[in-house]
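S.K.: After the structure tokens below, expect a handful of questions from me.
What follows draws every value from the coordinates through simple rules; no lab data is involved. Nothing here was measured: the structure is a model prediction, and the numbers come from that model. Cβ atoms come from the backbone with ideal geometry, glycine included; neighbour counts cover every protein chain shown.
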Amino acid sequence: MRRPFIAGNWKMNLDMASAVALAKGVAREAEKVEEVDLAVCPPSVYLAAVAQAISGSQVQVGAQNMYHQPKGAFTGEISAAMLVDVGCRYVILGHSERRHILGETDELVNKKVHAALAAGLAPIVCVGETLEEREAGNTLDVIRRQFDGSLAGLSAQQLAGVVIAYEPVWAIGTGKVATPEQAEEVHLDLRKIIQDRYNRRTAEVVRIQYGGSVTPDNARVLLACPNIDGALVGGASLQVESFMGIVAAAG
């Protein structure tokens, strides 16, 4: 049985005081949660403060990005070891906003995945199609290409330590959300890809989150789908009440 995993992606929001307050609020409410794994992913400049604020709680800290090189003359970048040093357990890689706005490729994401795993971080690797790709009937082809490119060269054991997040690009921050049937179809396809590339056992243990305008109102029906193992939450993760409402739907 895969344990549900809800992660909040705070993106480029909040200030230091509000980030720490939000983290403390989530940690306080998480004391009532027993059957769901939780993480918050603040902007990098607040990682250390958030990690300190939730120290000792069951809430883990994740970063929103990292660079694949361990150190060097890479101005403005952050290494996996640095993230571990400030208390991170997870790192989001290949988010659609980084793919489509900042031009990240599957090859670059793959380098980051390997670097994250080598440092002891659990990558949350995002895949998802645009509206044009879905309307053209190319969703599965896009998902397969992103899976093969972003996760190339991983052993079955390594893949078992990766979280995959299916985020249809057309549903991120738009208020639109994939129907449970649409989301479950892609999650099932991803599980079939894992089984084809690896084996049935690996396909059964890898957790696949859904992301894309998840709210407390739609979370329960989405998370009830057998192949949806949690959510990568954007806007709704910026308030304790709405984020924990999604967590309650997963419990």
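S.K.: Given an 8 Å cut-off on Cα distances and at least 6 residues of separation, report the relative contact order of the chain as a percent.
M.R.: Answer for the chain is 21 percent.
S.K.: Using a Förster distance of 22 angstrom, determine the FRET efficiency expected from the C-beta separation of K32 and M12, and round it to 0.05.
M.R.: 0.15
S.K.: Whose amide H sits under 5 Å from the amide H of T130, counting only residues 5 or more places off or on another chain, with H placed in the peptide plane?
M.R.: Sorted by chain and number, the residues that satisfy this are V169.
S.K.: Hey, another quick one. How about K112: which lysines have a C-alpha closer than 30 Å to its C-alpha, ignoring those fewer than 8 places off in the same chain?
M.R.: K11, K24, K71, K176, K192
S.K.: Among M66, M82, what is the fewest-to-most ranking by other Cβ atoms within 10 Å?
M.R.: So the ranking, lowest neighbour count to highest, is M82, M66.
S.K.: Quick one: if you stick a label point 7 Å off each Cα along the C-beta vector at A21 and T179, how many nm between them?
M.R.: Result for the modelled spin labels: 4.1 nm.
S.K.: Shifting gears a bit: Along the range 204-214, what does the Karplus equation 6.51 cos²θ - 1.76 cosθ + 1.60 (θ = phi - 60°) give for ³J(HN,Hα), rounded to whole Hz, x for Gly and Pro?
M.R.: Running phi through 6.51 cos²θ - 1.76 cosθ + 1.60 with θ = phi - 60° gives 7, 9, 5, 8, 10, 8, 10, x, x, 6, 6 Hz.
S.K.: Let me ask you something else. Pop the C-beta distance of Q195 and A49 into the FRET formula with R0 = 35 Å and round what comes out to the nearest 0.05.
M.R.: Given R0 = 35 Å and the Cβ-Cβ separation, E is 0.25.
S.K.: Order of I92, I124 from fewest to most other C-beta atoms within 10 Å?
M.R.: I92, I124
S.K.: Sorting check: for 109-122, 187-200, which peptide has the highest mean count of neighbouring beta carbons within 10 Å, and how do the rest follow?
M.R.: Top to bottom by mean Cβ count within 10 Å: 109-122, 187-200.
S.K.: Sorted by packing (mean other beta-carbon atoms within 10 Å per residue), highest first, where do 204-215, 130-141 land?
M.R.: With the highest mean Cβ count within 10 Å placed first, the list reads 204-215, 130-141.
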